[in-house]
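The values are calculated or read from the model by the stated rules, or taken from the named source; none is laboratory data. Keep in mind it's a predicted model, so treat the numbers as computed, not measured. Heads up, the Cβs are rebuilt from the backbone with ideal geometry, glycines too, and the neighbour counts pull from every protein chain shown.
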Amino acid sequence: MKPTKYTLAAISAFIVWGFIVFPLKELSQYASTQILFYRILLALLCLPVLMLLFRRKSILETFGQLKQDSSKERRLFMVCTLLGTTFLTLNWLSFIYVVNQINIQTASFAYLLCPIITALLGYILLREKLQSQQWMAIVISLGSCCLLGVASLYNLLFSLFIAFTYALYLISQRILKKYDKMVLLTIQVILSFAIILSLGKEFRGTAPVDMHFYIVIFILSTVFTILPLFLNLFALKELKSATVGVLMYINPLVSFGIAFLYFGEKASLTQLTAYGLILISIIIYNARIKRVPAPLVTN
């Protein structure tokens, strides 16, 4: 197969994720917790079946690896899996809330920040090295956040919450990098559903649902969750992780375009300046540096 096939798969995955705001907006009258509950429920019904059909070997290899691991490694696996599940659940929930109750710009800005925050957390938590350009990008990102804080501290705090929960999720996955990403994600979806189920009916939402709700949730869970995950995984078979890492920015940029061009969201001069600074920081961060593997994206 030609590499272009893998490139198209990666681009398609991130474009699809960029359009996720449409099904979420269709459900804006429902509680974010209710949307999340049904999104995870539908994903839970589909994902294990697909894994058994197409990635049975990966499942066996992952559990075989766990059997060979020491008790310390297994404990680390359990802790990181539980933490990763918690961070991913909080990330999905906050993203849904921000898109529907605040604005798409705030949610999109979070994913522009995320790779740089992940690098900073990798330096703090995993002792990963940062080059001079990366430190410069982090400083510029901080300036961008300060500008957004002046424009709206409330929105900035939500952007930072989304970015930090996803960055912490990615850090937990880096620790578990020897295990198959999709097997881990399947386990985390199961655990996430169990967590939400244990929080009671009030958390899951009590608003009556109709066929339109189920159709949109099905599209959200399959077209905008499972499909891009498999496309991304397919792309990572052949493409360099650095290439996929740069293509990741398609997702929030598409969402920004939709926010301004379709939903008519407005931005002040201060906000536009902040967005410009974060784009500059991204260019600097990705310029002439030694790349590190990019983890699987899950939003």
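Return only the number of the condition from (1) in contact (Cβ under 8 Å) with a residue 60 or more places away in the chain; (2) of a type outside the set (D, E, K, R); (3) assigned to a helix (DSSP H, G or I) that Tyr179 does not satisfy.
Among (1) in contact (Cβ under 8 Å) with a residue 60 or more places away in the chain; (2) of a type outside the set (D, E, K, R); (3) assigned to a helix (DSSP H, G or I), the lone unmet condition for Tyr179 is (3).
Consider the stretch 197-246. How many of its residues are of a type in the set (A, V, I, L, M, F, W, C) and within 20 Å of Pro23 (Cα to Cα)?
17
List, please: which pairs have Cβ atoms under 6 Å, are six or more places apart or on different chains, and start with a residue in the stretch 54-68 that is among the hydrophobic types (A, V, I, L, M, F, W, C) and end with one that is surrounded by 15 or more Cβ atoms within 10 Å (Cβ to Cβ) and assigned to a helix (DSSP H, G or I)?
Ile59/Val183
Sort out which residues of the stretch 185-206 are assigned to a helix (DSSP H, G or I), at pLDDT below 90, more than 19 Å from Ser94 (Cβ to Cβ) and not small (Gly, Ala, Ser), and write them in order of number.
Answer for the stretch 185-206, where residues must be assigned to a helix (DSSP H, G or I), at pLDDT below 90, more than 19 Å from Ser94 (Cβ to Cβ) and not small (Gly, Ala, Ser): Leu197, Lys201.
Might you let me know whether the stretch 163-173 holds any residue that is in contact with a helix residue (DSSP H, G or I) (Cβ under 9 Å, 6 or more places away or on another chain), surrounded by fewer than 19 Cβ atoms within 10 Å (Cβ to Cβ) and in a helix (DSSP H, G or I)?
No, the stretch 163-173 has no match at all.
Regarding Ile217, is this residue part of a helix (DSSP H, G or I), at pLDDT 90 or above and over 21 Å from Cys145 (Cβ atoms)?
yes
Conditions (1) of a type in the set (Ser, Thr, Tyr); (2) surrounded by fewer than 15 Cβ atoms within 10 Å (Cβ to Cβ); (3) modelled with pLDDT of 90 or more, marked per residue:
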| residue | (1), (2), (3) |
| --- | --- |
| Gly64 | no, yes, yes |
| Leu76 | no, yes, yes |
| Phe87 | no, no, yes |
| Leu93 | no, no, yes |
| Ile102 | no, no, yes |
| Thr118 | yes, no, no |
| Ser132 | yes, yes, no |
| Ser141 | yes, no, yes |
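Of the residues that make up the stretch 57-74, is at least one of a type in the set (Ser, Thr, Tyr) and touching a helix residue (DSSP H, G or I) at 6+ places or on another chain (Cβ under 6 Å)?
Yes.
With the requirement that a residue be at pLDDT below 90 and surrounded by 14 or more Cβ atoms within 10 Å (Cβ to Cβ), what does the stretch 251-269 give you?
If the condition is that a residue be at pLDDT below 90 and surrounded by 14 or more Cβ atoms within 10 Å (Cβ to Cβ), then Ala267 is the only one that fits.
What pairs can you find where one residue is in the stretch 273-284 and closer than 15 Å to Val150 by Cα, the other is among the aromatic types (Phe, Trp, Tyr), and their Cβ atoms are less than 9 Å apart, with a gap of 6+ or different chains?
Short answer, once both residue conditions are applied: Ala274/Phe109; Tyr275/Phe109; Tyr275/Phe256.
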